[in-house]
Amino acid sequence: MPEEALIVVDMQRDFMPGGALPVPEGDRIIPRCNRYIEEFRRRGALIVATRDWHPENHISFRENGGPWPRHCVQNTPGAEFVVELPADAVIISKATEPDKEAYSGFEGTELAEILKRNGVKRVYICGVATEYCVKATALDAVKHGFETYLLRDAVKGINPEDEGRALKELEGAGVKVLSRL
């Protein structure tokens, strides 16, 4: 059983340049994420990909009083992954209920149980956006007792100042930030 997992956070079309809610230069980390996916697959690690999987009427959308434009609506091109996931990757869909927001891949999902059932002790995290879903997922990984690593060269934030604060918060919470694996 693998003792480690790679969690690829929200690498979806709507979060890339040209998408509904783009992370500036988010597409620049696609090759790095793909390299990590391949590396961890070779190591026998569990590959997990989280995704926003919103219903049409999600609470986070501006037209419903939320802060964000419509994005990552279930079964639309904007919700598609932009990385190369193996066929056996575990897909974690979050924010699937109209009235519940979820930034963390652990929130309202079975991610913690899946990791524990597979004997995972260490998680490595990459994806977007550093100060939102990446941060929330990493903080929850620590809370669930996983040794947690952030792959700094394979995450991208929206705003450099906010991203810097998020990285400091993560390190303060016990997340180990690696410049590369």
> Do we find that Phe61 is buried (at least 18 other Cβ atoms within 10 Å of the Cβ), over 17 Å from the mean Cα position of the chain (by Cα) and at pLDDT 95 or above in this structure?
Replying inline: yes
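Do we find a residue being in a helix (DSSP H, G or I) and either among the small types (Gly, Ala, Ser) or within 23 Å of Arg35 (Cα to Cα) (or both) anywhere in segment 139-162?
Looking for residues that are in a helix (DSSP H, G or I) and either among the small types (Gly, Ala, Ser) or within 23 Å of Arg35 (Cα to Cα) (or both), one finds at least one in segment 139-162, hence yes.
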> Among the residues of segment 84-103, which ones are surrounded by fewer than 18 Cβ atoms within 10 Å (Cβ to Cβ), part of a loop (DSSP other than H, G, I, E, B) and either in contact (Cβ under 8 Å) with a residue 40 or more places away in the chain or of a type in the set (Phe, Trp, Tyr) (or both)?
Replying inline: Glu84, Pro86, Asp88, Thr96, Glu97, Pro98, Asp99, Lys100, Glu101
>> Of everything in segment 39-58, what is assigned to a helix (DSSP H, G or I) and surrounded by 13 or more Cβ atoms within 10 Å (Cβ to Cβ)? Give them in sequence order.
In response: Glu39, Phe40, Arg41
> Looking only at segment 154-175, which residues are in contact with a strand residue (DSSP E or B) (Cβ under 9 Å, 6 or more places away or on another chain) and either surrounded by 14 or more Cβ atoms within 10 Å (Cβ to Cβ) or modelled with pLDDT under 95 (or both)?
Replying inline: Ala154, Val155, Lys156, Gly157, Ile158, Glu163, Leu167, Leu170, Ala173, Val175
> Out of (1) touching a helix residue (DSSP H, G or I) at 6+ places or on another chain (Cβ under 9 Å); (2) more than 20 Å from Lys135 (Cβ to Cβ), the odd one out for Asp52 is which?
Replying inline: (2)
> Given the structure, is Thr109 touching a strand residue (DSSP E or B) at 6+ places or on another chain (Cβ under 6 Å), part of a helix (DSSP H, G or I) and within 22 Å of Val73 (Cα to Cα)?
Replying inline: no
> From the residues in segment 20-37 that are over 14 Å from Val8 (Cα atoms) and aliphatic (A, V, I, L, M), which one is surrounded by the most Cβ atoms within 10 Å (Cβ to Cβ)?
Replying inline: Val23
>> Just to be sure I understand the filter: pairs with C-beta atoms under 9 Å, separated by 6 or more residues or on different chains, first member in segment 138-152 and buried (at least 20 other Cβ atoms within 10 Å of the Cβ), second member at pLDDT below 95. Which pairs pass?
In response: Tyr149/Leu181; Leu151/Ser179; Leu151/Arg180; Leu151/Leu181
> Name the residues in segment 49-65 that are farther than 30 Å from Ala5 by Cβ and of a type in the set (Gly, Ala, Ser), would you?
Replying inline: Gly65
>> What pairs come out if I take residues in segment 15-42 that are closer than 16 Å to Ala87 by Cα and pair them with residues that are charged (D, E, K, R) whose C-beta lies under 6 Å away, six or more apart or interchain?
In response: Asn34/Glu84
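The values are calculated or read from the model by the stated rules, or taken from the named source; none is laboratory data. On a predicted model such as this, the values are computed, not experimentally measured, just so you know. Glycine also receives a Cβ, built like all others from the backbone with ideal geometry; neighbour counts cover every protein chain displayed.
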